[in-house]
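Undergrad: To start, I am sharing the structure in question, which I have written as structure tokens.
The values are calculated or read from the model by the stated rules, or taken from the named source; none is laboratory data. These numbers come from a predicted model, not from an experiment. As a convention, Cβ positions derive from the backbone with ideal geometry for all residues, glycine included, and neighbour counts pool all protein chains shown. Note: areas computed on protein heavy atoms with side chains; ligands, DNA, RNA excluded. Shrake-Rupley method; radii C 1.70, N 1.55, O 1.52, S 1.80 Å.
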Amino acid sequence: MSIVRIGLAGCGSVSQRGLLPHLAQEDIHPWAKLAAVMDVVPGRAEASKEKFNAEMAFEDYDDLLASDIDAVVLASPIGLHYEQAMKAIEAGKHLHINKTMTTTKAEADEVIAAAKKKGLVVVASPGNGLHPSNTRIREIVQSGELGHIYYSQIGTSGGGHEFEQFRSGNDVLSNVNPTWYYKRPGGGPMYDMAVYALHRITAIFGSVKRVTGMSGIGLKQRNFKDEVIDVDMDDNTHLLLDFGDGLFCELYGSNSASGPTRPFAQPFISGSIGSLTANRGELDVWGRDVIGKPGTESGHRVEQVDPRIPWVFGVHKELPERHVYADIMHMVDCVLTGKKPVVSGEHARHVIEIIELGYLAAETGQTQTLTSSFEMQDWELVHCE
Ligand SMILES: NC(=O)c1ccc[n+]([C@@H]2O[C@H](COP(=O)([O-])OP(=O)(O)OC[C@H]3O[C@@H](n4cnc5c(N)ncnc54)[C@H](O)[C@@H]3O)[C@@H](O)[C@H]2O)c1
């Protein structure tokens, strides 16, 4: 195969704002092409095809799979990912799956095993834990500069997808109903948002051993335009993760309003002689033995993090959802070169099991023991500036 022909399923928010603008660029043609788009809402795929220069548009997922595409990008509601992933694998298509890959570990096991059996690539977003900013945090943690590390905190809070500016229009492309974000299976801020925090913290500390927590519904009804949404999925979840050796992390995923003082999925890490806070492109490192730059307060160092992401060059640096585009191109790279994905199904499966068992712990009041683990791999900084 000389280039990967991509078929994208689900032409909603992330696709319209980010994925399709990236995939419509001709500078990806040495490696990939947007061959087809698919959405069940009448007219949405056709309008996306026209706007983003795809070759084909479908309203039926089976028709997409029957077309001459090599790979599927799943950007549909999370509760559909498992079934659509299994169908794609059955049809012999490589896969990029938006977070989360599935909603249970058992489903994740099936997707990984089925793809392996057919020799197909599965890249499961988000790959944010492998970006240089996070690699640098891992380096600092492993260097011993913070001493023995035993306390950490990370999470995400955000009002909800009904507030996305993108959805305010009335045309077929932007009038995208977000109700599924509040329904089972697949709704709730853990699968959608805290998943970034979980990928990040596990990419720093490795696999989680045990999880416990509390979870509930903070806001029972929401509104999208003139429609009332009855929330039946928890929108406020707080977990305690045990990484072993006395290292605990408080993890939160809440659909409550937040401001700039609670930056998204930025870890606080604290050890016996120092601590680290990540904050929008900067790392604040405090500690007894921290060597500050000349002119800075003793014991305190601010580091700018490396903003580069693989595959993000030229116009892609200006487009939204760069990290998802990078994950898609990583899938393309793996298909073309035979590389093993580092944004792996195994890492996604571990995070999915944390979420699944976190909910179970909250429901039963019993701490749960994880059965899965994953191997951290390093992501090459290819094709970026
Ligand atoms: N919205 C974001 O900010 C964002 C960012 C990154 C990743 N994501 C991820 O992208 C995925 C989609 O999220 P979104 O916010 O774009 O959702 P969305 O609700 O805006 O769009 C989903 C689209 O899928 C379509 N759809 C419904 N059933 C379908 C089916 N059976 N087959 C194909 N398409 C179907 C809907 O009509 C809609 O157009 C999720 O996995 C989400 O976690 C979202």
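Undergrad: Provide, as a two-decimal number, the C-alpha radius of gyration of the stretch 68-120 over 2.2 N^0.38 Å, N being how many residues it has. Kindly include the intermediate steps, with their values, before the conclusion.
TA: Details: Rg = 10.0 Å, N = 53, 2.2 N^0.38 = 9.9 Å.
Normalised Cα radius of gyration, the stretch 68-120: 1.01.
Undergrad: Using the Cα atoms of the stretch 227-338, I'd like the radius of gyration and the largest Cα-Cα distance, Dmax, both in angstrom.
TA: So, for the stretch 227-338, Rg and Dmax equal 19.4, 57 Å respectively.
Undergrad: Moving on. Tally up the carbon and sulfur contribution to the accessible surface of the stretch 4-45 as a whole percent, 1.4 Å probe, everything protein left in place. List each step's numbers first, then the result.
TA: Values: 670 of 1100 Å².
Within the stretch 4-45, the accessible surface is 61 percent carbon and sulfur.
Undergrad: What are the trypsin sites (Lys or Arg not before Pro) within the stretch 47-156 that DSSP puts in a loop, where the Cβ has at most 12 other Cβ atoms within 10 Å?
TA: Details: sites: LYS49, LYS51, LYS87, LYS93, LYS99, LYS105, LYS116, LYS117, LYS118, ARG136, ARG138; in loops: LYS93, LYS99.
Listed in order of number, the matching sites amount to none.
Undergrad: Now for a different question. For the pairs LYS87/LYS183; LYS49/LYS340; LYS51/LYS225; LYS87/LYS317; LYS220/LYS317; LYS117/LYS317, flag any whose C-alpha to C-alpha distance is greater than 29 Å.
TA: Working: LYS87/LYS183 23 Å; LYS49/LYS340 31 Å; LYS51/LYS225 25 Å; LYS87/LYS317 33 Å; LYS220/LYS317 39 Å; LYS117/LYS317 36 Å.
In this structure, LYS49/LYS340; LYS87/LYS317; LYS220/LYS317; LYS117/LYS317 lie more than 29 Å apart at Cα.
Undergrad: Another question about this same structure. Rank these by accessible area, largest first, 1.4 Å probe: MET101, MET193.
TA: Numbers: MET101 0, MET193 50 Å².
From most accessible down to least: MET193, MET101.
Undergrad: When the convex hull of the C-alpha atoms of the stretch 103-218 is computed, what volume per residue in Å³ does it have? Intermediate values should be presented prior to the final figure.
TA: Details: hull volume 21.8 nm³, N = 116.
Normalising the Cα hull of the stretch 103-218 by residue number yields 188 Å³.
Undergrad: Something else now. Tell me the accessible surface of GLU353 in square angstrom (1.4 angstrom probe, heavy atoms of protein chains only), to the nearest ten.
TA: 10 Å²
Undergrad: Summing -39500 (n - 2.57) over the DSSP H runs of n ≥ 4 in the chain and dividing by its residue number, what mean residue ellipticity at 222 nm do you reach, to the nearest 500 deg cm²/dmol? All intermediate terms of the calculation are to be shown ahead of the outcome.
TA: Details: 9 runs with 102 residues, N = 385.
Dividing the helical sum by the residues of the chain leaves -8000 deg cm²/dmol.
Undergrad: Put +1 on the Cβ of each Lys and Arg and -1 on the Cβ of each Asp and Glu in the stretch 39-141; which of ALA66, ALA113, MET86 then has its Cα farthest toward the positive end of the dipole?
TA: ALA113
Undergrad: OK, next. Restricting the calculation to Cα positions, tell me the Rg (one decimal) and the Dmax (whole number) of the chain in Å.
TA: So, for the chain, Rg and Dmax equal 20.7, 63 Å respectively.
Undergrad: Separate question: Placing unit charges on C-beta atoms (Lys and Arg positive, Asp and Glu negative, everything else neutral), compute the dipole magnitude of the stretch 218-272 about its Cα centre in debye, rounded to 20.
TA: So the dipole magnitude of the stretch 218-272 works out to roughly 260 debye.
Undergrad: For the chain, with a Gaussian network of springs between Cα atoms less than 10 Å apart, report the residue from ALA257, ALA75, ALA47 with the top mean-square fluctuation.
TA: Highest fluctuation of the listed residues: ALA257.
Undergrad: Name the residue farthest towards the positive end of the dipole of the chain from the options LEU8, PRO189, GLY144, assuming +1 on Cβ of Lys and Arg, -1 on Cβ of Asp and Glu, about the Cα centre.
TA: About the Cα centre, the residue reaching furthest to the positive side is GLY144.
Undergrad: Can you list the aspartates and glutamates whose alpha carbon is less than 14 Å from that of LYS33, not counting same-chain residues fewer than 8 positions off?
TA: GLU55, ASP68, ASP70, ASP333
Undergrad: Let me ask something additional. Would you mind calculating the relative contact order of the chain from Cα pairs under 8 angstrom and at least 6 residues apart, reporting the percent as a whole number?
TA: Details: 859 pairs, mean separation 76.2, N = 385.
Computed value for the chain: 20 percent relative contact order.
Undergrad: When only alpha-carbon atoms count, how far does the stretch 122-177 stretch along each of its three principal axes, as whole angstroms with the largest first?
TA: Taking the Cα atoms of the stretch 122-177, the three principal extents are 55, 28, 17 Å.
Undergrad: Rounded to whole Å and sorted largest first, list the principal axis extents of the Cα atoms in the stretch 197-270.
TA: Projected onto the principal axes, the Cα atoms of the stretch 197-270 cover 50, 26, 16 Å.
Undergrad: Hey, another quick one. For the stretch 1-142, just the Cα set please: Rg and Dmax, both in angstrom.
TA: 15.8, 52
Undergrad: Next up: List the chymotrypsin sites (Phe, Trp or Tyr not before Pro) in the stretch 302-385 that DSSP assigns to loop (not H, G, I, E or B) and whose Cβ has at most 15 other Cβ atoms within 10 Å. Which are they? The partial results should precede the final answer.
TA: On the way: sites: TRP311, PHE313, TYR325, TYR359, PHE374, TRP379; in loops: TRP311, PHE313, PHE374, TRP379.
For chymotrypsin sites (Phe, Trp or Tyr not before Pro) across the stretch 302-385 that sit outside H, G, I, E and B with at most 15 neighbouring Cβ atoms in 10 Å, the list reads PHE313.
Undergrad: Tell me which residues come under 5 Å, amide H to amide H, from SER207 once H is placed; ignore anything under 5 positions away on its chain.
TA: Counting only residues 5 or more places away or on other chains, the set is PHE374.
Undergrad: Can you give the accessible area per residue of the chain, in Å², using a 1.4 Å probe?
TA: Details: 16030 Å² over 385 residues.
Each residue of the chain exposes 42 Å² on average to a 1.4 Å probe.
Undergrad: If you don't mind, there's one more thing I want to ask. Compactness ratio of the stretch 270-385: Cα Rg over 2.2 N^0.38 Å, N = residue count? Numbers along the way, then the final one.
TA: Details: Rg = 19.4 Å, N = 116, 2.2 N^0.38 = 13.4 Å.
In units of the 2.2 N^0.38 Å rule of thumb, it is 1.45.
Undergrad: Rounded to the nearest percent, how much of the accessible area of the stretch 131-230 (1.4 Å probe, protein heavy atoms only) is carbon and sulfur? Don't skip to the end; give the middle numbers.
TA: Details: 2220 of 4230 Å².
Heavy-atom surface of the stretch 131-230 belonging to carbon and sulfur, 1.4 Å probe: 53 percent.
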